[in-house]
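See below for the structure under consideration.
Just so it is clear, none of the values below were taken in a lab; they were calculated from the coordinates. Please read these numbers as outputs of a predicted model, since none were measured by experiment. FYI the Cβ positions are ideal-geometry reconstructions off the backbone, even for glycines, and counts take in every protein chain you see.
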Amino acid sequence: MSLRQHILVVDLSSGRMRREEIPPEFLRAYLGGRGLGVRLLRGRHTLSPFDPAMPVVFAVGPLCGTPAPTSARLSVVSRSPLTGTVYDCSAGGRFAWRLRAAGLFAILIEGKSPRPVVLAVTSCGEELLPADDLWGKGIGDTVGALSDRGSVAAIGPAGENGVLFSCIMMGEGNAVGRGGLGAVLGRKNLKAVTVDGDRSVAVADRERFDRARADVLRLFRASPVIFGELGISEYGTPALVDLMRQRRMAPTENFRRTVFDGSSAYSGPAIRAAYGAKKEGCFGCPIRCKKRASDGRALPEYETVSHFGALNAIADLHAIVRGNDACNDLGMDTISAAATLSAWGEARGRFPSPEEIGPLLHDIAHRRGEGVLLAEGSRRMAKALGKPGVSMSVKSLELPAYDPRGAYGMALAYVTSNRGGCHLRAYPISHEILRKPVASDRFSFSGKARMIKIAEDMNAAVDSLVACKFAFFGASLEEYAELLSGVTGEHHTPQGLKEIGERIYLTERFYNAENGFTRSDDDLPVRFFTEAGSSGEGIDVPPIDRARFEEELTKYYRIRGLRDDGSFADDGFLERQP
Amino acid sequence: MRSLIRKYAEKLHRDRSIAQGRVGIAAKDDVMLTDGAPDLSRLAADVLSRLSCLGVVAASPSLPFAEFLLRRANADAKAIVPLDTETRTFLHDIPIVRREELAGDPVRAIAAHLSNRKGVIAEGVGIVASGPVTLEQAYIHYSSVFHAAFVKYLLDALQAGFVLPGEAEAFRGFRETFLRPLTAEGLSFRPGPFDDPEEVLSEIRAVGRYTVERGLVDSFFGNISCRVGETIFISQTAASLDELAGCIDPVPMDNRSTTGITASSELLAHRRIYEATGARAILHGHPKFAVAMSMLCEEKDCPVKDCWKDCPNVRMLGNTPVVAGEIGAGGLAVRVPPVIGASGKAIVYGHGVFSIGRDGFEEAFRSMVDVENRCRDEYFRRLDARGQSKSE
């Protein structure tokens with residue numbers, strides 16, 4: 001891969017667009033994807049997420065467009081209206097591949113269009129198309145209307161109406177799901193981006209690349225989580241439903257319990273039986289973890305079934321699938337939507353019934369009735385109701401479906417994540433639950449501070465390559481560094497990639513610090529320190545020891561080179577970064 | 001963390017993979033912790049301080065095989081490439097660091113290689129391995145390099161003889177002193193078949209420990225299962241066979257639950273073996289002589305290039321069939337079940353041994369011991385024959 005890569009800069013206010021070369025030093029220091037987007041935000045990272053000058057960056061990674069497994073992913077980076085943090089989110093599908101085929105490595109979108117528009121990009125050029133007739137339409141209709149323009153990334157009514165957890169949906173059914181980036185596009189009057197192209201990506205050292213690719217595929221085949229007969233290739237991420245039930249860490253009834261007796265209704269095998277789930281994959285991905293019903297609908301992921309299920313005490317698979325359908329068409333993050341409904345349910349003393357879910361989701365997306373408050377996400381909603389304790393969130397991002405009382409690395413990682421309560425930044429579930437690459441003691445904090453730090457750095461690099469986290473249930477940075485070496489012709493090592501990841505992580509934290517985030521924001525909801533989970537079957541799930549948690553958090557800061565209060569000792573950190 | 005350092009140092013001693021007292025372990029949390037021989041623990045700590053890892057093991061192996069491989073390699077070789085399945089899959093190759101490279105800044109030289117690979121062989125030092133996520137990983141990677149070097153050296157010595165000064169003497173010491181008779185005697189097995197899950201779990205834990213204690217597997221390698229009715233109780237992926245408490249998954253035969261997503265990567269092979277043979281217990285280990293002997297094929301002008309995964313033939317080592325096949329979702333689960341029923345045992349090319357028990361684990365255990373002993377005998381028979389033909 002050449003270091004001569006191009007970015008399309010789009011000013012929606014003026015309608016001006018230009019293709020520029022990306023400074024090669026940015027690509028060396030930040031790779032692409034998340035890292036590149038974070039770098040490009042510098043200087044504007046303290047703007048409000050809804051300030052027209054706040055950029056939204058769409059970026060691919062250096063492996064995109066090659067046969068590197070799981071690497072045709074797109075990162076979208078901006079500042080989240082939900083969390084206030086710097087925010088990146090990635091999605092698979094075919095959009096990233098087609099963006100690269102259009103001759104682009106990234107798109108930076110700034111300004112605000114006076115009218116709704118669609119940005120249409122091809123290898124021959126780009127244009128802004130009027131989108132008044134698409135405004136107000138769901139994702140299905142929008143994608144259908146743009147289907148002759150390649151791949152589509154679009155917002156639905158939720159993004160148009162500024163729902164703080166609205167998402168950007170890919171036409172293939174994948175989502176830039178979390179953090180409300182759909183609302184940022186909505187505020188810019190940008191309904192959709194389409195991309196298409198016919199350019200190929202060169203591989204500098206084919207022999208090295210092919211060898212590394214074979215190594216990756218061999219490791220995928222050796223991984224029970226990926227290609228095992230009970231793994232995600234067979235059942236998708238709902239393969240985790242039974243496991244989380246057995247480990248007694250499935251968040252239930254707004255995290256008041258950790259076992260839901262009805263979870264077998266939406267397990268991987270149950271979904272397969274009910275919907276004839278078929279395999280589907282992102283471009284070039286051999287895992288094909290995405291599952292589609294025989295009628296073509298995208299079936300829900302683990303987080304979605306668990307949060308519309310256990311978290312809301314619903315054991316009705318069809319209601320859960322309908323909730324997923326509604327979120328996908330309205331353009332909303334399923335995790336935050338379901339978790340906000342659950343928090344609201346606890347606050348009012350009754351969780352929503354299966355029949356209420358659909359109408360409530362539409363009310364949220366259109367900001368009407370109860371939806372006006374719910375569209376603000378759980379933290380703001382709970383505060384408005386005078387019950388802040390019912391929001392199970394960190395930095396306003398609703399927690400996903402791994403109860404931190406059942407995995408202490410996860411507890412720590414939720415609070416150190418730069419984008420709020422997210423499981424994917426360090427992804428300790430990999431070793432604490434799935435035993436990959438090796439197992440760690442899930443009920444111990446010992447060593448977790450450094451494990452989390454290393455994993456955050458590694459995943460920042462993975463998000464900048466941009467590869468799928470699931471690949472690392474089998475392969476490691478060792479093989480992906482070789483893939484990168486093969487593509488670029490330059491020598492890369494896992495250690496070098498982790499150092500890039502560390503730069504990205506610290507840059508994000510520095511941005512957040514400049515936006516007022518402190519140690520007090522690196523905290524879990526009180527419930528986890530005061531209430532036990534659902535013990536039983538020989539597994540004790542006590543409350544998390546607050547003192548031990550704080551001790552490990554302080555260790556984490558020291559390992560990161562931060563002060564004990566989580567702040568930077570070096571005010572000039574950012575200026576010293578490339 | 002200190003207790004973990006001690007634990008893995010003791011395991012390395014028990015495995016007999018390190019020279020007595022010649023191990024140094026470093027682990028880093030917010031501070032660096034070390035234990036072991038002062039020179040090696042200092043080296044481990046210095047290397048670790050240059051890596052984004054949690055732990056490093058530096059040790060002198062109990063056998064000089066890794067050192068011999070390094071010295072036997074071409075002068076321009078940067079790595080050795082063992083062809084056993086574990087190495088192919090997880091290590092890829094093993095970098096070698098020669099004395100000249102270590103002369104300047106040995107820490108830097110070793111760390112540079114460990115920034116890209118899981119373990120290295122350093123001339124005059126031994127094996128140094130890193131653990132990116134846990135300290136256990138550093139132990140596992142040391143163990144993997146030791147295992148790979150052991151198997152490769154057996155094969156190289158058989159094929160090319162002894163070429164370095166002192167090699168023949170060292171090998172004789174290995175044969176006459178280091179190797180111990182392999183036996184199942186003195187072990188206690190519960191008679192099967194089982195119907196009580198608690199009894200099954202207890203027996204699996206015990207037999208897993210036996211396989212490590214008797215040297216049929218290194219701690220991390222291998223897996224074990226028992227079928228009770230329509231449930232397979234199987235060791236979890238990445239579980240140490242001598243530490244199986246809490247690491248055994250019950251998996252329904254009909255896949256109505258995915259709880260077994262954490263089960264061994266060989267779950268499919270176990271399931272198919274149960275279906276094909278009616279067995280009640282399965283053991284899978286990586287005894288080194290069996291692994292080495294499985295890689296010796298005398299077929300001439302064979303068109304198959306990747307024998308370890310593509311060879312369609314069933315060879316016989318004595319009365320034990322040898323088949324090819326990748327681990328996990330590769331071909332092993334297809335090729336082992338049809339051949340294992342007759343003799344109750346099978347070897348997978350470059351990988352290890354599967355053995356079955358019709359009722360309980362005793363038959364499976366004795367079969368694995370038998371396979372390894374026969375392979376050991378056959379190896380030395382061929383080595384002796386090679387020596388005789390050379391002297392003639």
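Take B:Glu185 and B:Arg42, extend 7 Å from each Cα along the Cα→Cβ direction, and tell me the distance between the two endpoints in nm.
For the pair B:Glu185/B:Arg42, the computed spacing is 4.8 nm.
Can you bin every Cα-Cα distance in segment B:78-216 into 10 Å intervals starting at zero and give me the percent of pairs per bin, rounded to whole numbers?
Calculated over all Cα pairs of segment B:78-216, the distribution is 10, 28, 30, 20, 9, 3, 0 percent.
Taking a cut-off of 21 Å, what percent of all Cα-Cα pairs in segment A:258-323 are separated by more than that? Walk me through the numbers before you get to the answer.
On the way: 504 of 2145 pairs.
Here the long-distance tail beyond 21 Å is 23 percent of all Cα pairs in segment A:258-323.
Averaged across orientations, what area in nm² does the convex hull of the alpha carbons in chain B project?
Numbers: hull surface 80.3 nm².
Projected area, direction-averaged: 20.1 nm².
For segment A:163-307, take the alpha-carbon Rg, divide it by the Kirkwood Rh, and send me Rg/Rh.
Details: Rg = 18.7 Å, Rh = 18.0 Å.
My calculation puts Rg/Rh at 1.04.
By how many nm would the segment from A:Arg350 to A:Glu25 lengthen if fully extended, with 0.36 nm per residue of separation less the alpha-carbon distance?
111.5 nm
Tell me, what ³J(HN,Hα) does each residue in segment A:25-41 have, in order and in whole Hz, if you take phi through Karplus 6.51 cos²θ - 1.76 cosθ + 1.60 with θ = phi - 60° and put x for Gly and Pro?
Karplus-based 3J(HN,Hα) across segment A:25-41 equals 5, 5, 5, 5, 8, 10, 6, x, x, 4, x, 5, x, 4, 5, 5, 7 Hz.
So, in nm, how far is label A:Asp133 from label A:Glu253 when the simple model puts each one 7 Å beyond its Cα toward the Cβ?
Each label point is offset 7 Å from its Cα along the Cβ direction, giving 5.2 nm.
What's the Cα-based Rg to Rh of segment B:2-158, Rh via Kirkwood? Write out the running numbers ahead of the final one.
Numbers: Rg = 14.1 Å, Rh = 15.1 Å.
On the Cα set of segment B:2-158, Rg over Rh gives 0.94.
FRET efficiency for B:Arg99 and B:Arg50, Cβ-Cβ distance as r, R0 = 30 Å, nearest 0.05?
So, using R0 = 30 Å, E works out to roughly 0.90.
Let me check I have the definition right: for segment A:159-229, take the eigenvalues of the Cα gyration tensor, multiply each by 5, take square roots. What are those semi-axes in whole Å, largest first?
37, 20, 9
Using Cα pairs under 8 angstrom and six or more residues apart, how large is the relative contact order of segment A:6-195, in percent?
Answer for segment A:6-195 is 22 percent.
How many angstrom lie between the Cα centre of segment B:93-129 and the Cα centre of segment B:218-239?
Their Cα centres are 35 Å away from one another.
Are any of the pairs A:Lys498/B:Lys152; A:Lys469/B:Lys28; A:Lys469/B:Lys7; B:Lys309/B:Lys345 more than 29 Å apart by Cα-Cα distance, and if so, which?
Over 29 Å Cα-Cα: A:Lys498/B:Lys152; A:Lys469/B:Lys7.
Using alpha carbon centroids, what distance separates segment B:260-311 and segment B:76-92, in Å?
So the separation of the two Cα centres works out to 19 Å.
Just in segment A:494-578: which GluC sites (Glu not before Pro) are loop by DSSP and have at most 12 other Cβ atoms within 10 Å?
Of the GluC sites (Glu not before Pro), the ones in loops of segment A:494-578 whose Cβ has at most 12 other Cβ atoms within 10 Å are A:Glu537.
Bin width 10 Å, alpha-carbon pairs only: give the P(r) of the protein assembly as shown as whole percents, running from 0 to the bin holding the largest distance.
So the P(r) values, bin by bin, are 2, 12, 21, 24, 20, 12, 6, 2, 0, 0.
Which semi-axis lengths, in whole Å and largest first, follow from the square roots of five times the eigenvalues of the Cα gyration tensor of segment A:285-343?
For segment A:285-343, the semi-axes come out at 20, 12, 12 Å.
Stokes-Einstein D for segment A:425-557 at 37 °C, 0.692 mPa s, Kirkwood Rh over Cα pairs, in µm²/s?
D, rounded to a whole number, is 195 µm²/s.
Is any residue of segment A:493-520 close enough, with backbone N under 19 Å, to a label point placed 7 angstrom from the Cα of A:Asp564 along the Cα-Cβ axis, and if so, which?
A:518-520
Just report the Cα centroid separation between segment A:421-447 and segment A:300-361, whole Å.
27 Å
For chain B, which longest stretch is free of loop sites, where a loop site is one of the trypsin sites (Lys or Arg not before Pro) that DSSP puts outside H, G, I, E and B and that has at most 11 other Cβ atoms within 10 Å?
Longest stretch, sites excluded: B:1-299.
Please express the shape of segment B:145-204 as an equivalent ellipsoid: the semi-axes are the square roots of 5 times the eigenvalues of the C-alpha gyration tensor, given largest first in whole angstrom.
41, 14, 9
Select from segment A:11-63 those trypsin sites (Lys or Arg not before Pro) which occupy a DSSP coil region and have at most 15 other Cβ atoms within 10 Å, ordered by residue number.
Those satisfying the criteria are A:Arg42, A:Arg44.
Could you put A:Glu479, B:Glu298 in order, starting from the residue whose Cβ has the fewest other Cβ atoms within 10 Å?
B:Glu298, A:Glu479
Under a 5 Å amide H to amide H cut-off, with H placed in plane at 1.01 Å, what residues pair with B:Leu317 once short-range neighbours are removed?
HN-HN under 5 Å from B:Leu317: B:Val322.
Counting each DSSP H run of 4 or more residues in the protein assembly as shown as -39500 (n - 2.57), what helix-only mean residue ellipticity at 222 nm follows after dividing by all residues, to the nearest 500 deg cm²/dmol?
Values: 37 runs with 385 residues, N = 970.
Helix-only estimate at 222 nm: -12000 deg cm²/dmol.
Within a 10 angstrom radius of the beta carbon, how do A:Ser200, A:Ser306 rank from fewest other beta carbons to most?
So the ranking, lowest neighbour count to highest, is A:Ser200, A:Ser306.
Pull up all non-local amide H partners of A:Arg257: gap of 5 or more, or a different chain, and H-to-H distance under 5 Å with H placed in the peptide plane.
Distant-sequence amide H within range of A:Arg257: A:Thr252.
As a quick test, which of the pairs A:Lys436/B:Lys118; A:Lys112/A:Lys387; A:Lys278/B:Lys305 have an alpha carbon distance above 27 angstrom in this structure? Please list the in-between numbers first.
Details: A:Lys436/B:Lys118 15 Å; A:Lys112/A:Lys387 36 Å; A:Lys278/B:Lys305 35 Å.
Too far apart for the 27 Å limit: A:Lys112/A:Lys387; A:Lys278/B:Lys305.
What are the principal axis extents of the Cα atoms in segment B:200-321, in Å, biggest first?
In descending order, the Cα extents are 48, 33, 24 Å.
Express the C-alpha Rg of chain A as a ratio against the empirical globular expectation 2.2 N^0.38 Å, rounded to two decimals.
0.89
Quick one: grab the alpha carbon gyration tensor of segment A:6-195, order the square roots of its eigenvalues as a ≥ b ≥ c, and give me rounded if a/c is under 1.5, else prolate or oblate depending on whether a/b is larger than b/c.
The shape class here is rounded.
Between A:Ser48 and A:Ala202, how high is the FRET efficiency from 1/(1 + (r/R0)^6) when r is the Cβ-Cβ distance and R₀ = 25 Å? Nearest 0.05.
Calculated value: 0.05.
At a threshold of 8 angstrom on Cα-Cα distance, excluding pairs fewer than six apart, so keeping six or more, what relative contact order does chain A reach in percent? Please report the intermediate quantities before stating the final value.
Values: 1397 pairs, mean separation 91.7, N = 578.
Computed over chain A, the figure is 16 percent.
Can you name the helices of chain B, as whole DSSP H runs, whose Cα span along the helix axis is 27 Å or more and whose Kyte-Doolittle mean is not below 0.0?
Once both thresholds are applied, what remains is B:135-160.
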